[in-house]
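Shown next, in structure tokens, is the structure this report addresses.
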Amino acid sequence: MTCFNNSTVSPGRHLLPAALAFLCIALLPIHVQAAPYRPAADAVVLATVPAGARTATTGPRDLQTAVARASADIELARASGDPRYLGYAQSALAPWWNAKEAPLSVILLRAQLHQHNHSFAAALADLDRALVLDPRNAQARLTRAAIHQVQGNYAAAAADCRSLALLAEPLVTADCMSRVSSHRGAARGAYRKLLAMRDRAGEMELRQRREIELTLADISTRIGEVETARQHFDQALAADGVDTYTLLTFADFLLEQREYRQVVELFERHPEHADLLLRSTLASRATNAANAGPLSQRLREQYAAHQRRGDFVPSRDYARFLLDIEGNASAALDAALFNWKSQREPADALIVVRAAIAAGRPAAAAPVATFVREHGLEDVRLTQLLPLLRVPAPAPFEHPAQHKRIPSERRI
Amino acid sequence: MRFVVLMLLLLASQAYAHKPSDSYLQLSPTDRGFTGEWRIALRDLEPAIGLDRDGDRKITWGEVRTLHNEIASYALTRLTIAASGSPCDIRAGTQLVDNLSDGAYTVLPLVVTCERNVAPWSLDYSLLFDIDATHRGLISLQGPDAPQTFALSPQNNRAVLSADAASPVQQFVTMAREGVWHIWIGFDHILFLLALLLPAGLRASRALDEKVGWAPLLKDVLTLVTAFTVAHSITLSLAALKIVSLPPRLIETTIALSIVVAGLRMRYAISRPAAWIAFSFGLIHGFGFANVLADLQLPTGSLALSLFAFNIGVELGQCAIVLLALPLIRYAQRHTFYQRTFMPAAAVLIAAVGVAWSVERGAGISLGL
């Protein structure tokens, strides 16, 4: 482009190279993008709105309205899986969002929002503050126990669960405690205790029912009792309306049991839950369905769009996407390890181990193996894979009889 | 004691494969401002305006279409673009629909018109920030190279678009204009050129009243202008690309000296070919132009283009001067007076100015010239 061909006879002849140059530039392809279109008819449905969605008004900023609005938004976010509602909730709490000395009701909601955004440190800070303001606040304790558990601080989680005994129903406390101790080498005992409590309790609120069933399903899955787990899942789904967490946990279970058709059906019944797209794509790929390619592409575009925002945080699901769909084990391992820094559930451990094995870097999963061993974390899927890292599986707390029902081959 | 939220439901930390809300604003520079497209999710407009007028929880094209004015006005009151501080006018055309990875978006075609369309442009964005704290405005500005992109948030809601944003054509025209301007105001360059032009075609050996045709004149002019042009183009490029660098004072003083030399030649050495003087001093004049170029706000992305355009501008400006002067010179040369009286006087004057400038520039003092 630097055609300094000025060694011509007269000044005027410069114009030809100039014209050529600027023609070249003008014809450079500009950024090409998807073509917008005009829908064929007025009746074409372009989007749907979930039930209960409100017209957000930036109305009066009094505490009560704001808190009520924010709570409803968080609920809607959970039910629909659309994080927009978390943004609305945060906006509703805008006058208090950065205030250290916010009212208790705001702090509790703020902690939940932080937790959903994976800002666990901020969430814990808020919860600690909430418990200073109101030491008998069971909600705060429960939330804090949940965060500690997700982060793998089982001792702290257990302490918070125990302190619920005087503050909450026995069933709530039992659920909390069972969850935690099932991660610390006492899975079967925890299962039995919770089951007994559930049967003794008889009637309970539907949401609580779903909660208990999901806990029992999770423990059953991890100790390898597949049929029992399935029954608990069925109960959970029957108990209450659909929510994102239940759907995706169930979808993961179905994937492990290779019930691919059911996974696809689940997604077709609930297409608005974006998390199911990953599971459905995995199921489609496993059955070599025709739409596996388009689904993968959709998923790819969603992640790409998210990354354009500039605040994308690699998650467990993203690591699974990289490993099982893109086949990029090395990137999957990086994402899984990044996720492991803030989350330590069994599924988080599992993706690290799988990615490390696939990437040929078993040593990278050493911290995970250490964690599993130290806590006596029971999970048949992990137990199968850990020997491949050449690290001893958790032995101390195991009863030999526990492994008699492990299926010979289980792939995700 | 019962709780609205039980433990497990709090563990939905893996959920939300959907990303939070974004809008996409693409802009392309034009002569008068910008054209662009603004994509806003229908799901976002629902709480803001209430698209679902019949309450059936479905947003249809009919609903979107009939609410066009409200959508456009809602969006445009939350977007401000200004050029060098003065606000630009933004108009929205008929909307269309685009299906992105997370749902249907309305596409608003935009035309932005700025009175004084000069850098820097600022863009202030506040769509949905009062409703959704996690909303981001993703701005993409097409440029000659890679687009400039911005992700605007409630904490950071202003984008400043630099000169790099201008289209190649715009840049070319701007820089060419600069080139023309700088040779017209460059009296030292003009004087040097004139000093070589005035005696063009004349030969000391000729009889003073002999008629001369255009041919010698044109031949001389072409030769010396070409030599000058080639020389200054070379050094302009070398200096602008920072390949060669000379102290400005040395350059300016030498330029002044070149005028002295040209003046003296006019007086005493008229038969010497002008081309060599034109070429050798042209090299120095090129460095002079480069100094000027350095002061302009050049888009870093396309320095070569700007350089080329500037050079074209200089040639065009030079061309204009030569074309203006030529007929006058030709006319004047036919008179004896010209060669006998005018030229020597002019030579002395030019040389004197040259000396004065040399002293000024060399010694760094000002003689008010």
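When only Cα pairs below 8 angstrom with a gap of at least 6 residues are kept, region A:295-380 shows a relative contact order of 21 percent.
Cβ crowding within 10 Å ranks B:ILE277, B:ILE259 as B:ILE277, B:ILE259, fewest other Cβ atoms first.
Comparing B:LEU79, B:LEU100, B:LEU293 in a Gaussian network model of chain B where C-alpha atoms under 10 Å apart are linked, the largest mean-square fluctuation is found at B:LEU100.
Given their separation in residues at 0.36 nm each and the Cα-Cα distance between them, B:VAL111 and B:ALA304 gain 66.5 nm when the chain is fully extended. A simple spin-label model places the labels of B:TRP184 and A:ARG136 8.8 nm from each other, with each point 7 Å out along Cα-to-Cβ. Karplus-based coupling profile of region B:262-269, in residue order and whole Hz: 4, x, 5, 4, 4, 7, 10, 9, with θ = phi - 60° in 6.51 cos²θ - 1.76 cosθ + 1.60 and x standing for Gly or Pro.
Rounded to the nearest 20, the Cβ-based charge dipole of the protein assembly as shown about its Cα centre (Lys and Arg +1, Asp and Glu -1) stands at 1860 debye. Along region B:76-85 the Karplus relation, 6.51 cos²θ - 1.76 cosθ + 1.60 evaluated at θ = phi - 60°, assigns HN-Hα couplings of 6, 6, 10, 9, 10, 10, 10, 10, 6, x Hz to successive residues, with x for each Gly and Pro. Rounded to two decimals, the Cα-based Rg/Rh of region A:69-203, with Kirkwood Rh, is 1.01. If you wrap the tightest convex hull around every Cα atom of the protein assembly as shown and split its volume per residue, you get 221 Å³. How many nm separate the modelled label positions at B:SER84 and B:ALA269, each set 7 Å beyond the Cα in the direction of the Cβ? Rounded to a tenth, the inter-label distance reads 4.6 nm.
For B:LEU264, B:LEU196, A:LEU206, the sequence from fewest to most other C-beta atoms within 10 Å is A:LEU206, B:LEU264, B:LEU196. Every helix of 4 or more DSSP H residues in chain B counts as -39500 (n - 2.57), and over all residues that averages to -16000 deg cm²/dmol at 222 nm. Shown here for region A:65-161: trypsin sites (Lys or Arg not before Pro) in loop regions (DSSP other than H, G, I, E, B) with at most 12 other Cβ atoms within 10 Å, namely A:LYS100, A:ARG136.
Applying 0.36 nm per residue to the separation of A:VAL313 and A:TYR37 and subtracting their alpha-carbon distance, the gain on full extension is 96.1 nm. Computed 3J(HN,Hα) for region A:131-146, one whole-Hz value per residue from the Karplus formula 6.51 cos²θ - 1.76 cosθ + 1.60 where θ = phi - 60°, is 6, 5, 5, 8, x, 9, 7, 5, 4, 4, 5, 4, 4, 5, 4, 4, glycine and proline marked x.
Take every Cα pair under 8 Å whose residues are at least 6 apart in sequence, average their separation, divide by the length of chain B, and the relative contact order is 16 percent. With neighbour counts taken as other beta-carbon atoms within 10 Å, the residues B:MET343, B:MET175 rank, fewest first, as B:MET343, B:MET175.
Candidate cross-link partners of B:LYS19 among the aspartates and glutamates, defined by an alpha-carbon separation under 17 Å and a same-chain spacing of 8 or more, comprise A:ASP73, A:ASP82, A:GLU272, A:ASP275, A:GLU301, A:ASP311, A:ASP317, B:ASP44, B:ASP102, B:ASP132. Shown here for region B:227-287: trypsin sites (Lys or Arg not before Pro) in loop regions (DSSP other than H, G, I, E, B) with at most 16 other Cβ atoms within 10 Å, namely B:LYS242. Just want to confirm a number: the relative contact order over region A:158-279, from Cα pairs under 8 angstrom separated by 6+ residues, in percent. Across region A:158-279, relative contact order equals 16 percent.
Label positions at A:GLU205 and B:VAL160, each projected 7 Å from the Cα along the C-beta direction, are separated by 5.3 nm.
At each listed q (0.10, 0.13, 0.17, 0.20 Å⁻¹), what is the log10 of I(q)/I(0) that the Debye formula gives for region B:219-342 modelled as equal alpha-carbon point scatterers? Here the Debye-derived log intensity ratios amount to -0.37, -0.60, -0.94, -1.18.
Post the alpha-carbon centroid distance, region B:117-133 to region A:122-164, in whole angstrom. Comparing the Cα centres of region B:117-133 and region A:122-164, I get a distance of 40 Å. When every Cα-Cα distance of region B:329-369 is counted in 5 angstrom steps from zero, the calculated P(r) takes the values 6, 22, 19, 14, 11, 11, 10, 7, 1 percent. Its alpha carbons give region A:151-272 an Rg and a Dmax of 14.9, 46 Å.
Quick note: the coordinates plus some simple rules give every number you see, no bench work behind them. Quantities reported herein were computed from a predicted structural model and do not represent experimental measurements. No Cβ is skipped: glycine too gets one built from the backbone with ideal geometry, and neighbour counts run over all protein chains shown.
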